[in-house]
Amino acid sequence: MDPSRGGIDTGPYGRAWVEINPEALLNNLDVISRRGGEGMRVVPMVKADAYGLGVEEVVRVLASRDPYGFGVATVEEGLQLRTLGVTRPIMIYSPVPPGQYRAAVKHGLILSLSSLYEMRALEGAVEDASRPCPVQIEVDTGMGRAGFPAGDVDGWWPPVRDSKVLSVAGLWTHLHSADEPDPGASRKQIKAFEALWRRLDGLPGGALIHVANSAGGLRLDCEVANATRPGYFLYGGRVGDDAPDPEPVVDVRARVALVRQVPAGTTLGYGATYRARRTERWATVAIGYGDGLPRALGNRGHALMRGRRVPIIGRISMDATVVDITDVAAVEPGEAVTFIGSDAGAQIALDEVADTVGTIGYEILTGLSPRLPRVWARQP
Ligand SMILES: *Cc1c(COP(=O)(O)O)cnc(C)c1O
């Protein structure tokens, strides 16, 4: 069924849904790959259900570009990829509680180490010591949440290098300000990382060396990197004014359930924070903060109907949102309203919505609730 038409059912286009464009996802990946150049290994980040898009489909679509592997945040996410049949390297980028090491090792998930404490615990979790267990080494150059301290190489590198049980498959750091207009802080971190890399005698030749998330990969250069780990840009997020624009990947739409004409003075929503200033026409749309539409868009954000911007009025409820359609001719129940994405040539970008409510698009995407079916349009 064409979602832009009025047909109603209880299928994915019945009430409210997320439309995802796989070609845009691939085109964004190609931008990252081209910028990385020949030999740059790309490890798409698919943590948090691929930023809320749905990891199963994302991995299936991205596999057509033969990425080196996939990056996740948790052991559970790694196991899910194994269950989906992924045989490429799966790398975990967040510190993991020690009780989960054994499962990670058993399924060949590559953990990132930040301390000798973790190293010893992981060595203890390896049952089959005949094959070295691959790990990545995270280095802290300023992010602070994890990583071996860059300033104390001599304290941690010899024991890591000399481990009989583990083998170093990767070395990486994380930039804290890669999407800030001023690249100064990132350049400092990259310099520290490059200097550290030069001091590591005995680093295996095949190790992945990487610093860049989406913004880093598109805006900054690291002389020693041979890999990159993009996320947000793939999914249609902007990563800085001087970086290329991504193709939008996600549209969030919902259907009008009710249309009413109200006299001046009619109050709307919890707290009655909106009051009709004249005779107005309101459309009650079947989506709310329970679907992940940010509640802070109430009385502030906009939606698109027939390519026109209409204001979101009153507070957003858990299951319903009202837009003022006074200036749009003859709206019928069942029409589709777009809250994120494009409609008939008009656009409300993911990052615009994030700016309006004072957050980042990452939080908007990962906050889209399971109540919204993910509909993959136009399979390539
Ligand atoms: C999530 C994550 C990324 C991807 O970052 P984006 O800004 O989404 O491109 C890269 N590296 C690490 C360690 C991450 O946790």
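The values are calculated or read from the model by the stated rules, or taken from the named source; none is laboratory data. Worth saying up front: this structure is predicted, and the values here are computed from it rather than measured. All Cβ positions, glycine included, derive from the backbone under ideal geometry; neighbour counts span all protein chains shown. Areas reflect the complete protein model, heavy atoms only, side chains present, ligands, DNA and RNA absent. Shrake-Rupley method; radii C 1.70, N 1.55, O 1.52, S 1.80 Å.
Between V105, V46, V249, the residue with the greatest mean-square fluctuation in the GNM of the chain (Cα pairs under 10 Å linked by springs) is V105.
Grab the eigenvalues of the alpha-carbon gyration tensor for the stretch 140-262, scale each by 5, take roots, and send me the semi-axes largest first in whole angstrom. Present the calculation step by step, with values, prior to reporting the outcome.
On the way: eigenvalues 311, 56, 35 Å².
Semi-axes (√(5λ), whole Å): 39, 17, 13.
As a rough guide to protection, the peptides 90-98, 158-166 ranked by mean Cβ packing within 10 Å, highest first, stand as 90-98, 158-166.
Mind putting a number on the dipole of the chain about its Cα centre? Charges go on the C-beta only, +1 for Lys and Arg and -1 for Asp and Glu, and I need it in Debye to the nearest 20.
Working: 41 positive and 45 negative charges, 138 e Å.
The calculated dipole for the chain is roughly 660 debye.
Straight-distance candidates among the lysines for linking to K164, with alpha-carbon spacing under 23 Å and chain neighbours fewer than 8 residues away dropped: K106.
Phi angles of the stretch 116-125 translate, via the Karplus equation with coefficients 6.51, -1.76, 1.60 and θ = phi - 60°, into HN-Hα couplings of 5, 4, 4, 4, 4, 5, 5, 4, x, 8 Hz per residue; Gly and Pro are given as x.
Taking all protein chains as they are arranged and a probe of 1.4 Å, the heavy atoms of H176 leave approximately 80 Å² accessible to solvent. Each residue of the stretch 49-66 is assigned a 3J(HN,Hα), and the resulting list reads 6, 6, 6, x, 7, x, 5, 4, 5, 4, 5, 4, 5, 5, 4, 5, 9, 6 Hz, derived from the Karplus form 6.51 cos²θ - 1.76 cosθ + 1.60 (θ = phi - 60°), x at Gly and Pro.
What's the local net charge at S33, with K and R +1, D and E -1, over the other residues with C-beta under 14 Å away?
Numbers: positive: R34, R35, R41, R65, R229; negative: D30, E38, D66.
Computed value for this residue: +2.
Surface composition of the stretch 154-285: carbon and sulfur make up 49 percent of the accessible area, probe 1.4 Å.
The overall shape of the chain, judged from the alpha-carbon gyration tensor, is prolate: a/c is not under 1.5, and a/b is greater than b/c.
Is the stretch 83-215 best put as rounded, prolate or oblate by its Cα gyration tensor, with a ≥ b ≥ c the root eigenvalues, rounded for a/c under 1.5, and otherwise prolate when a/b is larger than b/c, oblate when not? All intermediate terms of the calculation are to be shown ahead of the outcome.
Numbers: a/c = 1.98, a/b = 1.47, b/c = 1.34.
Prolate is the answer for the stretch 83-215, as a/c is 1.5 or above and a/b outweighs b/c.
DSSP loop (so not H, G, I, E, B), at most 15 other Cβ within 10 Å: list which trypsin sites (Lys or Arg not before Pro) in the stretch 199-278 pass both filters. Before the final figure, lay out each step's value.
Values: sites: R199, R219, R238, R253, R255, R260, R275, R277, R278; in loops: R238, R277, R278.
Passing both the DSSP loop test and the Cβ count: R277, R278.
Here the Karplus curve 6.51 cos²θ - 1.76 cosθ + 1.60, taken at θ = phi - 60°, turns the phi angles of the stretch 361-374 into couplings of x, 4, 6, 5, 5, 6, x, 5, 7, x, 5, 8, x, 8 Hz, with x standing for Gly and Pro.
Whole number in Å², please: accessible area per residue of the chain, 1.4 Å probe, ligands, DNA and RNA not counted.
Working: 16750 Å² over 380 residues.
Using a 1.4 Å probe on heavy atoms only, each residue of the chain averages 44 Å².
Per-residue accessible area (protein heavy atoms, 1.4 Å probe) orders D128, D182 as D182, D128, starting from the largest. How big is the accessible area of R374 in square angstrom, nearest 10, if you roll a 1.4 angstrom probe over the protein chains? Rounded to the nearest 10, that gives 60 Å².
Kindly rank 112-122, 225-235 from highest to lowest mean number of other beta carbons found within 10 Å of each residue.
Numbers: 112-122: 17.7, 225-235: 24.6.
Sorting 112-122, 225-235 by mean packing, highest first, produces 225-235, 112-122.
Express the carbon and sulfur contribution to the solvent-accessible surface of the stretch 314-380 as a percent, rounded to the nearest whole number, probe 1.4 angstrom. Using a 1.4 Å probe with all protein chains present, the stretch 314-380 comes out at 53 percent carbon and sulfur. Listed by chain and number, the lysines whose C-alpha is less than 26 Å from the C-alpha of K191, apart from same-chain residues fewer than 8 away, amount to an empty set.
In this structure the amide hydrogen of F148, modeled in the peptide plane, comes within under 5 Å of the amide hydrogens of E138, V139, D140, none closer than 5 places in sequence on its chain.
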